[in-house]
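Colleague: Just passing along the structure, written as structure tokens.
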Amino acid sequence: MSYPYQIKSIEEYKQQYKKSVEQPDEFWGEIASHFKWRKKWNKVLDWEFKTPQISWFAGGQINVTENCLDRHLDTLGNKPALIWEPNNPEDFFRVLTYKELHFKVNQFAQVLLNNGVKKGDRVCIYMGMIPELSIAMLACARIGAVHSVIFGGFSAQSIADRVEDAHAEYIVTCDGAYRGAKDVALKSVIDDALVRCQFVRRVIVCTRTRIPVSMIKGRDVWWEDEIKKVETQGNPFVEPVAMEAEDPLFILYTSGSTGKPKGVVHTCGGYLVWTNYTFVNVFQYKPEEIYFCTADIGWITGHSYIVYGPLSAGATSLIFEGIPTWPDAGRFWEIVEKHKVNILYTAPTAIRSLMGHGEMFTQGHDLSSIRVLGTVGEPINLEAWNWYNKYIGNNSAPIVDTWWQTETAGILISNLAGVTPAKPTYATLPLPGVQPVLIDENGKEIESFGVSGNLCMKAPWPGILRTTWGDHERCRTTYFATYADLYFTGDGCFRDQEGNYRITGRVDDVLNVSGHRIGTAEVENAINMHEGVVESAVVGYPHDIKGQGIYAYVIYNGTHGDAEQTRNNINATVSRIIGPIAKPDKIQFVNGLPKTRSGKIMRRILRKVAENELENLGDTTTLLDPSVVDEIIQGHI
């Protein structure tokens, strides 16, 4: 498969970028013409950010699965589409060719139809990292159902919140999942969640760990049994449903600055074009290459750069069930050698963790197949960049430092591997169609170079979110109301003299922990539910491995003779309500919080203390009780 829209030189990048800004309709119309459309669009782009109202390829009809599978069958049918590497290195890996994946997706699409799923229905998917997760997503897309994948580390309450918000009447899950040395009982977590969600009609359970599970008559069915029913009907072929370009493809929930997670909605046409275009260009993918993204499909990275981007490009995408440090810190490098991986895309958190174990785990593994390295989820620090470059890339593989978000669908700012210049710790230049601006504290655009500001976008790209599920006003106020006629990313950014962008971190009440966004309000709400907690405030602080850790200040009126036990109990509460990913790294008990006379918590001060920057706390004269700050400093962990 060739990619006529793959940029091959810095000169071509400049030309394409200029055209994408000056003639977006012509530029994206040409890109989109390389996909299979059931009906051509009437208009490439129609938008305004005030409400917001954004549509790409309106009037066009397309099916995402048809573009990921069916259109490849004649030329790439026997090519591996997915390689699955299991948690245990001693178990057999699986390879699914495009023909085999197409067959299995059709089978499961028929299973969904047999169980009552219709176009527009929401299907919640809560599974481990096995091929069936990708199969379930693609089967939903084939019949026009809207999937909502939930990361396997979330708690029953977090699942219930998401299932209720989407009103997902259908669930696809596993009996359990393997994750390193741990077995995770997924079905039992779903059972706990569904106590609150009595409207759920069907739960389809795939066998993975053979852990005992409770199967509720009339609601729960086994994946394998349902497949057997389809097999008795002969070879299945489910006609891909023609979807409007602006029909929802999926909902993915993300934390915000308020406690309730919000369901980001991505649509069929623009999302497909954007994930394919960015995959092909950023990684400079070549048709014969093995591509390995280490993310979990429960996050947007897995959606866009394990499933939809690579498969729509006819690539071979490697899925890994386990974790990078089990059974030892050489697991990634063993996989790279075993499957001759050409492109590796992972998170700075994983790099820092592996760096901490030492480069001896890279030795003895042949990593010469690696041509391109990538990072995702958070800014990468210089030490980790240099280690990755030296020990994994042998000082010869370009590193693409990609910046993007759940809401953007795909990469917005990044160097293109070996084509546009890399600069350590910088995401560098925007992709065609992406128009970043820096805004100062007064809401004015900063047009100069060598400056910092709040990162915004002044025009849409095909993958931009369209709404938040069931609450369009929340979408407007969160992303489009802070600055007039701009999309606000929530990130701070530095632009150097050459126009390269370096992300400096969140500027709102959202933490970036191991590349995953967690709202401070969401964590505070969970802490406050623990018996004895009066009030809490959560901020981020620099963490050697995670990038940003969670620091909680807690007013506690219970009797805790054992402070450490109380901390463990509070963390258990947070795990129960949100999931282990949101547990505070540090909990400091305090008698009060620094508040203004209007009752607002001055988080700036709490951040300074958490970061151990005690010499420069700024003005504290507006506080209701300045003495609170002295006590907090004395008790700093």
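The values are calculated or read from the model by the stated rules, or taken from the named source; none is laboratory data. Source: prediction; values computed, not measured. For neighbour counting, all protein chains shown are included, and Cβ atoms are generated from backbone atoms with ideal geometry for every residue, glycine included.
Colleague: Which numbered condition trips up Ser304, out of (1) buried (at least 24 other Cβ atoms within 10 Å of the Cβ); (2) more than 21 Å from Arg466 (Cα to Cα); (3) of a type outside the set (Phe, Trp, Tyr)?
Modeller: (2) is the only condition that Ser304 fails.
Colleague: In addition: Return the residues of segment 271-293 that are part of a loop (DSSP other than H, G, I, E, B) and either surrounded by fewer than 24 Cβ atoms within 10 Å (Cβ to Cβ) or of a type in the set (Asp, Glu) (or both); say none if nothing qualifies.
Modeller: Keep residues of segment 271-293 that are part of a loop (DSSP other than H, G, I, E, B), which gives 283-289.
If the condition is that a residue be part of a loop (DSSP other than H, G, I, E, B) and either surrounded by fewer than 24 Cβ atoms within 10 Å (Cβ to Cβ) or of a type in the set (Asp, Glu) (or both), then Gln284, Lys286, Pro287, Glu288, Glu289 are the ones that fit.
Colleague: Could you list, in sequence order, all residues of segment 573-583 that are in contact with a Ser or Thr (Cβ under 9 Å, 6 or more places away or on another chain) and either surrounded by fewer than 24 Cβ atoms within 10 Å (Cβ to Cβ) or of a type in the set (Phe, Trp, Tyr) (or both)?
Modeller: Selection gives Ser575, Arg576, Ile577, Gly579, Pro580, Ile581, Lys583.
Colleague: Given the options Ile319, Ile343, Ile335, Ile323, name the one that is within 18 Å of the chain's Cα centre (by Cα), at negative phi and crowded, with 22+ Cβ neighbours inside 10 Å. Please lay out each step first, then the result.
Modeller: Working: Ile343 fails: within 18 Å of the chain's Cα centre (by Cα); Ile335 fails: within 18 Å of the chain's Cα centre (by Cα); Ile323 fails: crowded, with 22+ Cβ neighbours inside 10 Å.
Exactly one residue qualifies, and that residue is Ile319.
Conditions tested, residue by residue: (1) in a helix (DSSP H, G or I); (2) over 24 Å from the mean Cα position of the chain (by Cα).
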residue	(1), (2)
Ile204	no, yes
Lys229	yes, yes
Glu239	no, yes
Gly269	yes, no
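Colleague: Among the candidates Glu169, Glu164, single out the residue that is closer than 30 Å to Ala242 by Cβ and either surrounded by fewer than 21 Cβ atoms within 10 Å (Cβ to Cβ) or in contact with a Ser or Thr (Cβ under 9 Å, 6 or more places away or on another chain) (or both). Quick ask: steps written out before the conclusion?
Modeller: On the way: Glu164 fails: closer than 30 Å to Ala242 by Cβ.
The match here is Glu169.
Colleague: Just give me the residues in segment 306-322 being within 21 Å of Arg179 (Cα to Cα) and not charged (D, E, K, R), in sequence order.
Modeller: Of the residues in segment 306-322, the ones within 21 Å of Arg179 (Cα to Cα) are 306-307, 317-322.
Across segment 306-322, the qualifying residues are Ile306, Val307, Ser317, Leu318, Ile319, Phe320, Gly322.
Colleague: Can you name the condition, by its number, that Ser396 falls short on among (1) within 25 Å of Thr504 (Cα to Cα); (2) free of Cβ contacts under 8 Å to residues at least 60 places away in the same chain?
Modeller: So the condition that Ser396 fails would be (1).
Colleague: Determine whether Arg208 is over 27 Å from Leu465 (Cβ atoms) and either assigned to a strand (DSSP E or B) or touching a residue at least 24 places away in the same chain (Cβ under 8 Å) (or both). First the steps, then the outcome.
Modeller: Working: over 27 Å from Leu465 (Cβ atoms): yes; either assigned to a strand (DSSP E or B) or touching a residue at least 24 places away in the same chain (Cβ under 8 Å) (or both): yes.
Answer is yes for this residue.
Colleague: Specify the residue that is nearest to Leu272 (Cα to Cα); the eligible residues are those in segment 409-449 that are in contact (Cβ under 8 Å) with a residue 60 or more places away in the chain and hydroxyl-bearing (Ser, Thr, Tyr).
Modeller: Residue satisfying both the conditions and the ranking: Ser414.
Yes/no per residue for (1) among the β-branched types (Val, Ile, Thr); (2) in a loop (DSSP other than H, G, I, E, B):
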| site | (1), (2) |
| --- | --- |
| Gly116 | no, yes |
| Ile125 | yes, no |
| Ser134 | no, no |
| His147 | no, no |
| Ile159 | yes, no |
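Colleague: Which residue out of Ile527, Ile518, Ile570, Ile555 is in contact with a strand residue (DSSP E or B) (Cβ under 7 Å, 6 or more places away or on another chain), assigned to a strand (DSSP E or B) and surrounded by 20 or more Cβ atoms within 10 Å (Cβ to Cβ)?
Modeller: Testing whether each residue is in contact with a strand residue (DSSP E or B) (Cβ under 7 Å, 6 or more places away or on another chain), assigned to a strand (DSSP E or B) and surrounded by 20 or more Cβ atoms within 10 Å (Cβ to Cβ) leaves just Ile518.
Colleague: Before we move on, is Leu511 over 27 Å from Val184 (Cβ atoms) and either under 23 Å from the mean Cα position of the chain (by Cα) or crowded, with 19+ Cβ neighbours inside 10 Å (or both)?
Modeller: On the way: over 27 Å from Val184 (Cβ atoms): no; either under 23 Å from the mean Cα position of the chain (by Cα) or crowded, with 19+ Cβ neighbours inside 10 Å (or both): yes.
So Leu511 fails the test.
Colleague: Output the residues belonging to segment 530-552 that are surrounded by fewer than 17 Cβ atoms within 10 Å (Cβ to Cβ) and basic (Lys, Arg).
Modeller: Across segment 530-552, there are no qualifying residues.
Colleague: Got a number for residues in segment 580-610 being part of a loop (DSSP other than H, G, I, E, B) and at pLDDT below 90? Working first, answer last.
Modeller: Residues of segment 580-610 part of a loop (DSSP other than H, G, I, E, B): 583-585, 591-594, 597-600, 602.
Those left that are additionally at pLDDT below 90: 591-594, 597-600, 602.
Of the residues in that region, 9 qualify.
Colleague: Can you name the number of the only condition in (1) aromatic (Phe, Trp, Tyr); (2) assigned to a strand (DSSP E or B); (3) free of Cβ contacts under 8 Å to residues at least 12 places away in the same chain that Trp47 fails?
Modeller: If we test Trp47 against (1) aromatic (Phe, Trp, Tyr); (2) assigned to a strand (DSSP E or B); (3) free of Cβ contacts under 8 Å to residues at least 12 places away in the same chain, just (3) comes out false.
Colleague: Pairs under 6 Å by beta carbon, first residue more than 10 Å from Ile31 (Cα to Cα) in segment 1-12, partner among the polar types (S, T, N, Q) and in a loop (DSSP other than H, G, I, E, B), six or more apart or different chains?
Modeller: Going by the 6 Å Cβ cut-off, the qualifying pairs are Ile10/Thr420.
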